[in-house]
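**Q** This is the structure I want to talk about, given as structure tokens.
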Amino acid sequence: MNERNLPHNHGGNEEKIREHLPGENEIAGVSEALKQLGDPSRLRIFWLLCHCEECVLNIAAIVNMTSPAVSHHLRLLKNSGLIVSRREGKEMYYRTADTELAQVLHHMIEKLGRITCPEQSDSPTEIIREIHREMTEHPERRYTIESLSKEYLINTATLKRVFKSVYGMPVASYMKQYRMTKAAELLSESDASIASVARSVGYESQSKFSAAFKDIMKILPTDYRRQYRESS
């Protein structure tokens with residue numbers, strides 16, 4: 001019998017579906033992820049990390065578990081590719097991986113469990129506008145996607161996607177351009193030193209500021225100020 005033929009022909013589209021049936025290796029990652037989320041405690045931790053980045057001690061306090069138990073669940077979630085970690089000093093921080101699988105599982109959990117997503121209390125666009133307002137009001141401060149995600153309870157992938165959708169470019173690129181535009185205003189409207197202007201837009205290193213300014217404005221800060229004054 002031809003291996004493509006089924007024992008019985010019921011007149012359906014089974015053969016066509018069979019052609020698209022994923023192999024065991026192709027679907028192994030999904031199977032492993034679902035297996036890891038089969039534990040209620042692990043599921044709660046995964047859901048929590050969909051909305052914030054946290055350390056082991058804080059996660060343990062939030063979910064009312066011991067740190068060793070939380071560490072065990074985090075290790076399994078990380079091995080399955082559902083969460084990622086980063087080290088800051090001696091502290092390790094965890095958050096959901098920026099993958100399509102993790103995002104789909106996040107939304108599936110909330111839909112099946114009828115769980116309210118913190119991001120739905122305000123629309124993602126409203127949250128992004130708040131984030132934009134904070135960053136542009138304080139260009140001297142340095143923000144990270146992780147810190148903003150934690151402060152505003154928005155997933156890192158959602159933050160990056162919606163910010164680019166609203167403002168037309170990634171967060172880092174937008175803020176670099178905004179800072180240089182702000183610096184150009186300060187150079188033309190004040191007598192502040194180049195170093196002072198650099199600090200006011202978040203650069204402790206004058207050389208790094210000058211390089212960033214030239215990259216965006218196509219001219220060095222000193223030359224920009226001189227040309228502006230000569231044309232005034």
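**Q** Restricting region 35-55 to residues that are more than 27 Å from residue 124 (Cα to Cα) and surrounded by 13 or more Cβ atoms within 10 Å (Cβ to Cβ), which is modelled with the highest pLDDT?
**A** The extreme case among them is 41.
**Q** If you take the residues of region 61-103 that are polar (S, T, N, Q) and in contact with a Phe, Trp or Tyr (Cβ under 9 Å, 6 or more places away or on another chain), which of them is modelled with the lowest pLDDT? Write out each step before concluding.
**A** Going residue by residue through region 61-103, those that are polar (S, T, N, Q) are 64, 66-67, 71, 79-80, 85, 96, 99, 103.
Then drop every residue that is not in contact with a Phe, Trp or Tyr (Cβ under 9 Å, 6 or more places away or on another chain), which leaves 85, 96.
Details: 85: 93, 96: 89.
Ranking the candidates gives 96 first.
**Q** Specify which of the listed residues (212, 192) is outside the structural domain of residue 51 (by TED's automatic domain parsing) and crowded, with 20+ Cβ neighbours inside 10 Å.
**A** Of 212, 192, the one residue that is outside the structural domain of residue 51 (by TED's automatic domain parsing) and crowded, with 20+ Cβ neighbours inside 10 Å is 212.
**Q** Report whether or not residue 166 is modelled with pLDDT of 85 or more, among the β-branched types (Val, Ile, Thr) and either under 30 Å from residue 217 (Cα atoms) or in contact with a Ser or Thr (Cβ under 6 Å, 6 or more places away or on another chain) (or both).
**A** yes
**Q** Looking at residue 204 and the list (1) at pLDDT 90 or above; (2) more than 30 Å from residue 107 (Cα to Cα); (3) assigned to a helix (DSSP H, G or I); (4) of a type in the set (Asp, Glu), which single condition is not satisfied?
**A** Failing condition for residue 204: (3).
**Q** Could you list, in sequence order, the residues of region 195-204 that are under 20 Å from residue 135 (Cβ atoms) and either surrounded by fewer than 16 Cβ atoms within 10 Å (Cβ to Cβ) or not hydrophobic (A, V, I, L, M, F, W, C) (or both)?
**A** Of everything in region 195-204, those that are under 20 Å from residue 135 (Cβ atoms) and either surrounded by fewer than 16 Cβ atoms within 10 Å (Cβ to Cβ) or not hydrophobic (A, V, I, L, M, F, W, C) (or both) turn out to be 199, 200, 202, 203, 204.
**Q** Oh, and also: Can you name the residue in region 139-163 that is under 26 Å from residue 199 (Cα atoms) and of a type in the set (Gly, Ala, Ser) and, of all such residues, is modelled with the highest pLDDT?
**A** The qualifying residue modelled with the highest pLDDT is 147.
**Q** Quickly run through region 164-181 and pick out the residues that are buried (at least 18 other Cβ atoms within 10 Å of the Cβ) and either over 15 Å from residue 142 (Cα atoms) or not hydrophobic (A, V, I, L, M, F, W, C) (or both).
**A** Residues satisfying the conditions are 174, 176, 179.
**Q** Please pick out the residue among 32, 140 that is assigned by TED's automatic domain parsing to the domain that holds residue 158, farther than 16 Å from residue 157 by Cβ and either part of a loop (DSSP other than H, G, I, E, B) or touching a residue at least 24 places away in the same chain (Cβ under 8 Å) (or both).
**A** None of the others qualify; the one that does is 140.
**Q** Restricting the search to region 58-112, which residues are of a type in the set (Val, Ile, Thr) and over 22 Å from the mean Cα position of the chain (by Cα)?
**A** Of region 58-112, the ones of a type in the set (Val, Ile, Thr) are 59, 62-63, 66, 70, 83-84, 96, 99, 104, 109.
Across region 58-112, the qualifying residues are 63, 66, 70.
The values are calculated or read from the model by the stated rules, or taken from the named source; none is laboratory data. Only a predicted model underlies this, so the values are computations on that prediction, with no experimental measurement involved. Cβ atoms come from the backbone with ideal geometry, glycine included; neighbour counts cover every protein chain shown.
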